[in-house]
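The next block holds one structure in the form of structure tokens; read it before the comments.
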């Protein structure tokens, strides 16, 4: 094959070259559905915050636009975060896991070192001065996501995923440290749950035998029991969880008010701007409890729609995970899926009395800057990966799904220089 | 890192799907749970929500003010001041995580006082109503509530103010912290004065501020209570209180009551007791008995002033005339007991009705009762006299005056009880073995002196409702024929005779005015039977007028310590001062 004038030939793609450059293969149209769903969720959150803003600002004594403006600032910041993570190649993120993890741990230590006060009742926030602060655990989730994906991908590559000493032991140690630092010192059982489940699902998808997973599960259950039993505050939380309506005036107050908000929503809800519970009754109406306000305002119909949107989002993530070009990408996507879904379920579960109440935000919807920014960063990574999804993994799978549903298949030809090594082998 | 080994990848995809399936399953459970909460348990949560969110409260109506006459004008005696009570619900403070030190600091700044005291109130255990401050001005309240501390509340309350300070306090009564009238007019006419509270029913925010968004708000404006104008003449009341206080001290008495009423209508012109209290400081009163208007609430055995009514009844019966004379044996043996007179009365001899009253002959009053029975103490006489006491003079029952705690007094049944009923009834003829209040005695004597009409004594002259409608009280006739009109005309000179023969200095000019009276020195029953030897109550009934009787005056002095008899020594001087006061201040229209 000779050189033709005016036509630059790309070097042939080889697995070795891809490995060397850490490239994911050919680039194609990203998953815009993913972005569309996230935008819808952000919009829903913004509308709710806007609608209850008068009630909130009346209780807090701030201007009417305070919450909406702060939320818009957070969304702008999250666009920046999204832009960065969706552009900087995942391979670079993978390489940078050490400084990233070091930064996250440092920030966690800073947060733990900062004294608590009325506005910051736990060692969770890194205060940057003024009203600027962020929750160190969100950064930690992001850093752990990348480290875990890298670590597990490495073990897969080396065929050591079932190795107790090389794989299971480091994971259990990491879990123990997190359990101590986040659950015990920061008293953040919700985020601990998210991180631990991220670890479990990523390890599971990485291929660790079921038996080992069950073992991890057993250890976690034991740790959970110890965690609950070791702190009076958590014991109270847990007994409140078991009998929320026993003490609606004291420890069960937020649970009861959340259930009242959800329950009064009925079939179609009270209507936007008609929330009563936001008027001081339900604590944290804009952040941790925003789902209850949503349910009060939009009713069962609205709740089903919202759960549908979340399920669609998770479905998108699952799709991308299935088609991920390599183990690292897949583990990133499955980590993000777990992060978003577990956080969503813990948050909603608390509002409907299925899970003990946790101070944890509802992704995209809740008011609160740190959460939105790091969730956007995580979605940015997945968005980038969605440019490189491949059908090959699926095509080799016996339970291949209907090809027509593989929406990127038609688009791949439009991407300039599209080339796929497996196309020929099919 | 290379391309995924397909085996791993396939297994990974499978595991992704397992995880996703688990996720969808949990979301499904959430959906079911939401259906249960929002659809099946909707009513339960709706009720729970309303219990929290729906505030139902009464808006207190403005309490009616009380005014009284002063000469030709009407001046206020009780006014309102709208103030606020600031209170906390310590449970809410805790629940809503309100910082007590912040609230306390703000309260100390706005209301004064110490922040640490407020903080204690905010943390008070075992109550959901912890008062931080009472009588807080609207401005202070608005400033403090402007901070919107969750768990801190305020409620408005009208407080009574008394422009005439302690004047007439016992007949006015006071309004307690719960806004309820106690004692006097405030108690008896509480419903009228209170008005109709408004109603507020609304979905509110946590601080109780109604939400504009809720559609089922109900608001009913309160209707203010009626304003009252009392029959009192404040000038007269003021002087009566001064004289009564002075008299009680001069008599070294335990207490005293006096009233001046219009016998031709039943209107009370002045009424007071001593000791008394300041209604604006009612919380500081240690002995609650001073709250009582003893003139209507404390009946006693009235003593010889009763002889005016016994004589009136006998005159009305026609069994005696003003000029009747009779032989007084100076003692009667009744049911084994001797009824006697005092030594100064001079022993057996012929007496007139005028001297009977003047010397205050117990044997004479007993003789009058005998005449009503046809010459003997018997069932007939007892029946007639009982009928006069109960049905004519309205003793033994409430007059119905607008006062709290009005007493009925006591009149014994005339039926033979086998235990010396004749002796008992002989005693009632001179004011023992029965009890009455000063008001009952005044109203009964009024009915004699005005020619036979028993008017219900009253204190409220006019009622002005919230819409401005004024209702004048019409004197209410309870009994139109207590005695024949001529009996009043006969009793006037008889009682003038008593005044003229009791050495009152300065004497009354009976050519321009008519001034009459009757003393009473009442024995005090011992608990458990018998009477004290050394303690008496001094009583007096009298009148002042010109061409007709214009005022009836009653004075009771409880346990005075004076030389001579309590009636003449203790009660009579107070009567004389009051009668002179009425004449000197031109309250009395002299004879033409």
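Read-outs: derived from the displayed coordinates by stated rules, not from any lab. Quick caveat: nothing in here was measured; it's all calculated off a predicted structure. A quick note on method: Cβ atoms are made from the backbone with ideal geometry, for glycine too, and the neighbour counts reach across all protein chains shown.
Descriptive notes on the structure:
- Over the stretch A:238-300, Cα pairs under 8 Å with separation of 6+ residues give a relative contact order of 36 percent.
- Label-point separation in nm, residue B:51 to residue A:301, each point 7 Å along Cα→Cβ: 3.0
- Each residue, residue B:161 and residue B:591, gets one label point 7 Å from its Cα in the Cβ direction; the gap between the two is 5.0 nm.
- Cα-based Rg and Dmax for chain B, where Dmax is the largest Cα-Cα distance (Å): 35.6, 147
- Distances between every pair of Cα atoms in the stretch B:83-203, grouped in 5 Å steps from 0 to the bin holding the largest one, split as 2, 11, 17, 17, 15, 12, 11, 9, 4, 1 percent.
- Cα coordinate range in the protein assembly as shown, projected on the principal axes (Å, largest first): 167, 54, 47
- Helix B:362-372 axis versus longest C-alpha principal axis of chain B: approximately 90°, rounded to the nearest ten.
- Remark: spin-label model distance residue B:43-residue A:225 equals 4.2 nm, labels positioned 7 Å along the Cα→Cβ axis.
- For the pair the stretch A:101-156 and the stretch A:265-313, the centres of their Cα atoms are 29 angstrom apart.
- Per residue, the average separation of C-alpha pairs within less than 8 Å and at least 6 apart gives the stretch A:97-230 a relative contact order of 21 percent.
- Bridge orientation summary for chain B: considering DSSP beta bridges with both residues in this region, about 95 percent are antiparallel.
- Length added when fully stretched, residue A:96-residue A:110, from 0.36 nm per residue minus Cα-Cα: 2.9 nm
- Euclidean distance of C-alpha centroids, the stretch B:48-92 and the stretch B:254-302, integer Å: 27
- Between the stretch A:27-99 and the stretch B:153-214, the alpha-carbon center distance in angstrom: 54
- Against the main long axis of the alpha-carbon atoms of chain B, helix B:6-35 sits at an angle near 20°.
- As a length-normalised measure over Cα pairs under 8 Å and 6 or more apart, the relative contact order of chain B settles at 14 percent.
- Stokes-Einstein diffusion coefficient of the stretch B:436-592, Kirkwood radius over Cα pairs, 20 °C, 1.002 mPa s, in µm²/s: 125
- Scattering profile of the stretch A:328-378 at q = 0.15 Å⁻¹ [log10 I(q)/I(0), Debye over alpha-carbon scatterers]: -0.43
- Set of the stretch B:297-331 residues, backbone N closer than 18 Å to the point 7 Å along the Cα-Cβ line of residue B:503: none
- In terms of its C-alpha gyration tensor, the stretch A:97-230 comes out oblate, because a/c is 1.5 or above while a/b does not outweigh b/c.
- Between the Cα long axis of helix B:100-111 and the first principal axis of chain B there is an angle of about 50°, rounded to the nearest 10.
- With the convex hull drawn around the C-alpha atoms of the stretch B:364-491, the volume per residue stands at 115 Å³.
- Estimated at 0.36 nm per residue, the fully extended path between residue A:236 and residue A:76 surpasses their Cα-Cα distance by 53.7 nm.
- Using the Cβ-Cβ distance between residue B:481 and residue B:324 with R0 set to 30 Å, the FRET efficiency from 1/(1 + (r/R0)^6) comes to roughly 0.85.
- As a calculated quantity, the FRET efficiency between residue B:413 and residue B:135 at R0 = 45 Å, using C-beta atoms, amounts to about 0.30.
- Cβ-Cβ distance of residue B:97 and residue B:467, R₀ of 60 Å, FRET efficiency by 1/(1 + (r/R0)^6): the value works out to about 0.80.
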